[in-house]
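Following: one structure in structure tokens, then a few remarks.
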Amino acid sequence: MPTPFRFLRAGPPPPKVALLSDAAFFTRAISIPAGLTPAEATAQIELSLEAVSPFPLSQLYYGWWWQPGSEHALLFAAYRRRFTTEQIATWEGSEVVLPGFAAALGAAVEPATTLILNYPDAISAVHWSIGPVPAKVLTRPLEPEVTDEERERTRAELIQSLGGSQHVIDLAGPVTPDPARSDGEIIFRAGDFVSRLGTSALTAADVRDKAELAAMRKSRRRDVALWQVTVGVAASLALLAFGELGLVGGRMWQQVREKQFSAQKPLVDKITSIHELTNKIDELSTKRLMPLEMMTQLTGVDLERKPPEIVFTRIQADQSRGLYTIFVEGRTSNAAQISVYEATLRKVPAIEKVEAPISQVRGDQAQFTLTAVFKPEALLAPEAPKHPTP
Amino acid sequence: MIRAVRHFFLTRALREKLLLLAFLAIGALWWFSAFNQRAISFWRAQRITTARLAEQTQWIKNRTRIEQAAQKTAERLDPARTLNGNQLVTTVAQLATDAGLRDSRSGTPSTEKSGQFAVHSAEYIINNAEWEQLKSFYEALQKRSPYISVERFALSAAMNAPSKLTLNVKVVSVEIVP
């Protein structure tokens with residue numbers, strides 16, 4: 001059953017090629033000096049064509065066949081008016097427009113070979129003497145009702161007029177392009193006969209207007225670039241699809257791990273709880289909160305450190321805020337004594353850090369909050385201190 | 001197949017090529033944006049799970065050591081002297097009474113329990129206390145360490161009567177559950 005995507009199974013179609021009547025073209029073999037670059041050879045060929053043609057180049061459809069290193073090139077040209085507007089319209093969308101014989105020029109043939117191309121209304125003979133570029137191309141038109149004997153006689157006459165043919169290849173049918181497998185060449189085939197025409201050779205052999213060809217090549221390059229971008233985007237979509245599959249797999253893996261986490265949680269909670277309680281009990285045994293001992297350090301055993309104007313109103317010690325930290329709120333009628341007292345406490349070896357900022361002053365009364373941090377070893381003195389009245 | 005698709009693409013009109021490319025690009029961007037969010041979310045979740053599992057593994061690996069440490073800690077305590085929640089409250093109340101503190105009240109004890117240990121804590125408020133009484137109470141409490149410990153200690157004096165003190169103390173007891 002045909003589907004909209006049947007072309008995918010069918011593969012790429014053959015490239016569209018317009019093969020023109022050989023009889024419309026005149027051909028010449030021109031010599032090319034050795035060592036010319038392709039650009040120089042092109043200039044040389046176009047100069048030669050201008051010299052041999054009765055028409056200016058702008059009135060010709062022309063192309064040529066030359067291989068680097070060859071001592072000659074084969075020119076072929078046709079007067080533009082030999083082609084009707086309808087005929088030219090059929091070239092639209094063609095990858096290449098060639099005279100029929102030019103499709104066979106890429107064949108690998110022995111020296112002194114003549115290739116016979118049979119058309120319903122003509123016979124063409126392409127003769128290679130030495131090298132890959134033919135030395136001569138001849139075409140003889142035939143009447144539509146020509147007999148086999150007349151066709152055979154014309155063929156023999158063509159071979160004789162070319163002279164020196166050691167090998168003759170007869171193509172029974174027309175050469176047709178193979179499905180496009182690469183951008184680098186077009187392969188023409190007729191039975192066992194194969195002709196490979198590379199991109200540069202096709203560019204030279206294409207008979208269309210050269211400026212038009214340049215514009216087509218430019219748009220072709222743009223289209224290929226668009227294709228490459230499209231392929232890149234499509235590839236990213238494919239990568240995303242793989243990524244989605246990876247995510248699905250990842251989530252399954254994650255679920256397994258979460259189940260493992262949940263299964264282990266009660267055991268781990270129990271171990272954690274034992275650890276925390278053990279630590280807490282160890283701390284209760286070894287690290288006691290000693291608020292009155294800390295306060296004794298602040299006042300001195302006989303209150304010798306605390307100025308008499310300073311009165312403590314609140315003392316607080318909290319294990320969660322520091323085992324060796326005491327917070328004291330106090331007031332005094334002599335605010336200057338706060339700084340004096342703070343300076344005195346800074347000199348006490350047992351105290352690591354002390355701060356006593358004034359929090360409020362009302363009339364002659366100043367309130368302050370004293371925070372003192374003690375050195376742990378200072379509070380672990382063996383003898384029990386005498387606690388003074390705050 | 002790719003050659004056939006390529007030929008199909010290249011033989012379309014320019015506007016069709018551009019439209020096709022634009023649709024594909026928009027789709028890819030849209031998908032990538034959604035995928036990116038889900039991927040980041042998954043990546044974060046798996047990293048968190050990895051970290052949690054690694055932490056669990058460490059705890060399980062150290063289980064024997066932790067249980068041995070708990071056993072050693074338990075061995076240092078005399079089970080007969082450990083106190084449950086009710087005993088904590090009554091013992092502290094008794095110590096306060098012994099120190100001459102009458103105006104006192106306790107809160108409801110709370111308990112943390114795991115394995116063979118239980119830790120009970122209770123708030124205790126003593127009002128209108130004299131300094132010497134409080135000092136005596138404090139020293140009595142400290143003598144019961146580590147079976148009873150002070151976790152929070154807040155002592156304040158009344159503004160109008162500085163010799164009358166209020167003590168807010170949080171005490172903790174350890175119990176070894178048989």
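Every number in this text was worked out from the coordinates using simple rules, so none of it is lab data. All values reported here derive from a predicted model rather than from experimental measurement. Reconstructed Cβ throughout: ideal geometry from the backbone, glycine too, with neighbour counts over all protein chains shown.
Around the amide H of A:Val168, modelled in the peptide plane, lie the amide H atoms of A:Thr114, all under 5 Å away and 5 or more residues distant in sequence or on another chain. Take the Cα of A:Glu276, go 7 Å toward its beta carbon, and the backbone nitrogen atoms of segment B:111-130 under 11 Å from that spot belong to B:112-114.
Each part reduced to its alpha carbon centroid, segment B:1-51 and segment A:118-197 end up 51 Å apart. Of the trypsin sites (Lys or Arg not before Pro) found in segment A:111-212, those that fall in a DSSP loop while having at most 16 other beta-carbon atoms within 10 Å are A:Arg181. Need the list of aspartates and glutamates near A:Lys270 for cross-linking: C-alpha distance under 13 angstrom, and skip anything on the same chain fewer than eight residues off. Those aspartates and glutamates meeting the cut-off are B:Glu67, B:Glu112.
Counting only helical runs of four or more DSSP H residues, what would the 222 nm mean residue ellipticity of chain B come to if each run contributes -39,500 (n - 2.57) and the total is spread over all its residues?
-19000 deg cm²/dmol
Springs between Cα atoms under 10 Å define the GNM used for chain A, and in it the highest mean-square fluctuation of A:Glu293, A:Glu258, A:Glu86 occurs at A:Glu293. Amide H to amide H distances under 5 Å link A:Ile123 with A:Arg140, A:Leu142, where only residues 5 or more positions off or on other chains count and H is placed in the peptide plane. Considering only A:Lys265, A:Lys375, A:Lys218, the mean-square fluctuation computed in a Gaussian network model of chain A, springs between alpha carbons under 10 angstrom, is largest for A:Lys375. Considering only A:Thr84, A:Thr371, A:Thr230, the Gaussian network model of chain A with Cα springs below 10 Å gives its largest mean-square fluctuation to A:Thr371. Its Cα gyration tensor gives segment A:58-200 an equivalent ellipsoid; the semi-axes, largest first and in whole Å, are 23, 21, 16. A viscosity of 1.306 mPa s and a temperature of 10 °C, combined with the Kirkwood radius over C-alpha pairs in the Stokes-Einstein formula, give the protein assembly as shown a diffusion coefficient of 46 µm²/s. Going by Cα centres, segment A:334-349 and segment B:114-137 are how many Å apart? The two parts, judged by their Cα centres, are 32 Å apart.
Kirkwood hydrodynamic radius of segment A:1-131, from the reciprocal of the average inverse Cα-Cα distance over all distinct pairs: 17.0 Å.
Applying a threshold of 29 Å to the alpha-carbon distances of A:Lys265/A:Lys375; B:Lys113/B:Lys170; A:Lys136/A:Lys218; A:Lys16/A:Lys218; A:Lys259/B:Lys61 flags A:Lys265/A:Lys375; A:Lys136/A:Lys218 as lying beyond it.
Between A:Leu115, A:Phe242, A:Thr332, the Cα set farthest toward the positive side of the dipole of the protein assembly as shown (charges on each charged residue's Cβ, about the Cα centre) is that of A:Thr332.
The ellipsoid that matches the Cα gyration tensor of segment B:31-119 has semi-axes, each √(5λ) in whole angstrom, of 50, 22, 7, with the longest given first. Across q = 0.08, 0.10, 0.16, 0.18 Å⁻¹, segment A:243-390 modelled as identical point scatterers on its alpha-carbon atoms has Debye log10 I(q)/I(0) values of -0.41, -0.52, -0.88, -1.04, in the order of the q list. Derived scalar couplings between HN and Hα for segment B:3-12 equal 5, 5, 5, 4, 4, 4, 5, 5, 8, 7 Hz in order, rounded to whole Hz, by the Karplus curve 6.51 cos²θ - 1.76 cosθ + 1.60 (θ = phi - 60°), x for Gly and Pro. Every Cα-Cα pair in chain B was counted, and those over 19 Å apart are 73% of them.
Any idea what log10 I(q)/I(0) is at q = 0.13, 0.14, 0.27 Å⁻¹ for segment B:90-163, Debye with uniform C-alpha scatterers and no solvent? Per q value, in the given order, log10 I(q)/I(0) is -0.43, -0.49, -1.44.
For segment B:138-158 and segment A:37-80, compute the distance between their C-alpha centroids and round to whole Å. That distance is 114 Å.
Here the 3J(HN,Hα) profile of segment A:219-226, calculated from phi with Karplus coefficients 6.51, -1.76 and 1.60 at θ = phi - 60°, is 5, 5, 4, 4, 5, 5, 4, 4 Hz, Gly and Pro shown as x. Residue by residue along A:251-262, Cβ atoms of other protein chains within 10 Å of the local Cβ number 3 on average. Per-residue Karplus couplings for segment A:243-256, computed as 6.51 cos²θ - 1.76 cosθ + 1.60 with θ equal to phi - 60°, are listed in order as x, 4, 4, x, 5, 4, x, x, 5, 5, 4, 5, 4, 4 Hz, Gly and Pro entered as x.
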